[in-house]
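Visitor: Next up is a structure, given as structure tokens.
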Amino acid sequence: MRLKRKKRDFTDNVLVPTHIGVIMDGNGRWAKKRLMPRKLGHKEGAKTFKKIALAGKSMGVKYMTFYAFSTENWKRPKDEVDAIMKLFEDYLDDVSSFEKENIRLIFIGDRSALSDVLQEKMKHAEEISRDFDSMTVILAVNYGGQSEICQSVRKIAKKVKNKELGIDEINEELIEDNLYTVGIPPVDLIIRPSGEMRLSNFLIWQSAYAEYYFTDILWPDFTEKDLKNAIETFSKRNRRFGGI
Ligand code: FPP
């Protein structure tokens, strides 16, 4: 009997990043190209989010942070903002999808501006998924990196004022411990589709040593193959972390 040679897995040949950050950009342009309302682009983008999170999990990525709504996105028409919020709610109503996949869900950002219903659903999803350990999906909602650092500094300043902390005790670790992402490893790879090449206030502290991967593909068209390309590119980079 002829033995079948075992097909090599993609992950046999690459270094898989522990933490990937994704800027889900290009939904509006994707819809415009099809003469559709922008909100349908976001709906398609939400489907891509689920697909790519699962693809990441199957490749062994342990943390994936998706930029879903920035502190600046409130400037968009109300109709578009409402449609995005509704997509979050619909996703959270289908808790069984990440339960089934053993995926932990965490939200980062300022929740106070979100509806009570959404805040409640976010809390519930975080609670029920607390012990799921195949992968952690972090959704950045009403998130801004600069404001995240400000709120960390405010918390620390309060402690200094109350004499619970000395000024010399303020260091990188302490600032990190007061970020939304406390306990989550730094970002290794940031992926931004749609041809834009900027960070847009996303994980600015956490990406200090991240590698960047840019592609012209619009987020709704982003596939598992594109994720593999990004990881392959990452794998070939020589990360020196300031050393030689
Ligand atoms: C940026 O593209 C995208 C957003 C501001 C919203 C992203 C939100 C989603 C993909 C929905 C997420 C849903 C869940 C369940 C996590 P853009 O609108 O700025 O695109 P454009 O630059 O082409 O106009």
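The values are calculated or read from the model by the stated rules, or taken from the named source; none is laboratory data. Keep in mind it's a predicted model, so treat the numbers as computed, not measured. Cβ: placed from backbone, ideal geometry, glycine included. Neighbour counts: every protein chain shown.
Visitor: When you scan segment 113-130, do you find a residue that is in contact (Cβ under 8 Å) with a residue 40 or more places away in the chain and more than 16 Å from the chain's Cα centre (by Cα), even just one?
Guide: So far as segment 113-130 goes, no, none of its residues is in contact (Cβ under 8 Å) with a residue 40 or more places away in the chain and more than 16 Å from the chain's Cα centre (by Cα).
Visitor: Which one of these does Ile52 not meet: (1) among the β-branched types (Val, Ile, Thr); (2) more than 11 Å from the ligand (Cβ to nearest atom); (3) surrounded by 22 or more Cβ atoms within 10 Å (Cβ to Cβ)?
Guide: Ile52 satisfies every listed condition except (2).
Visitor: Sticking with this one: Would you confirm, using the coordinates I've provided, whether Ile108 is over 27 Å from Arg198 (Cα atoms), more than 10 Å from the ligand (Cβ to nearest atom), buried (at least 17 other Cβ atoms within 10 Å of the Cβ) and β-branched (Val, Ile, Thr)?
Guide: So Ile108 fails the test.
Visitor: For segment 36-49, give me the residue count where each residue is among the aliphatic types (A, V, I, L, M), part of a helix (DSSP H, G or I) and more than 9 Å from the ligand (Cβ to nearest atom).
Guide: 1
Visitor: Which is modelled with pLDDT of 95 or more, of a type in the set (Val, Ile, Thr), more than 9 Å from the ligand (Cβ to nearest atom) and not in a loop (DSSP other than H, G, I, E, B), of Val117, Val61, Val141?
Guide: The unique qualifying residue is Val117.
Visitor: Within segment 187-224, take every residue that is aromatic (Phe, Trp, Tyr) and assigned to a loop (DSSP other than H, G, I, E, B) and give me the one that is surrounded by the fewest Cβ atoms within 10 Å (Cβ to Cβ).
Guide: In this case the residue turns out to be Tyr209.
Visitor: Looking at segment 74-96, which of its residues are closer than 24 Å to Gly183 by Cβ and assigned to a helix (DSSP H, G or I)?
Guide: Phe88, Tyr91, Leu92
Visitor: Can you find, within segment 98-112, the residue that is nearest to the chain's Cα centre (by Cα) among those that are farther than 23 Å from Cys150 by Cα and charged (D, E, K, R)?
Guide: So, considering only residues that are farther than 23 Å from Cys150 by Cα and charged (D, E, K, R), the one nearest to the chain's Cα centre (by Cα) is Arg104.
Visitor: Which residues, taken from segment 150-186, are part of a loop (DSSP other than H, G, I, E, B) and farther than 24 Å from Ala68 by Cβ?
Guide: Those that are part of a loop (DSSP other than H, G, I, E, B) and farther than 24 Å from Ala68 by Cβ: Asn162, Lys163, Glu164, Leu165, Gly166, Ile170, Asn171.
Visitor: I want to confirm something. Restricting to segment 82-105 and keeping residues that are of a type in the set (Ser, Thr, Tyr) and over 17 Å from Ala140 (Cα atoms), which single residue is surrounded by the most Cβ atoms within 10 Å (Cβ to Cβ)?
Guide: Among those that are of a type in the set (Ser, Thr, Tyr) and over 17 Å from Ala140 (Cα atoms), it is Ser97.
Visitor: So is Val22 at pLDDT 95 or above, away from the ligand (no atom under 14 Å from the Cβ) and under 15 Å from Ala230 (Cα atoms) or not?
Guide: Criteria not met by Val22.
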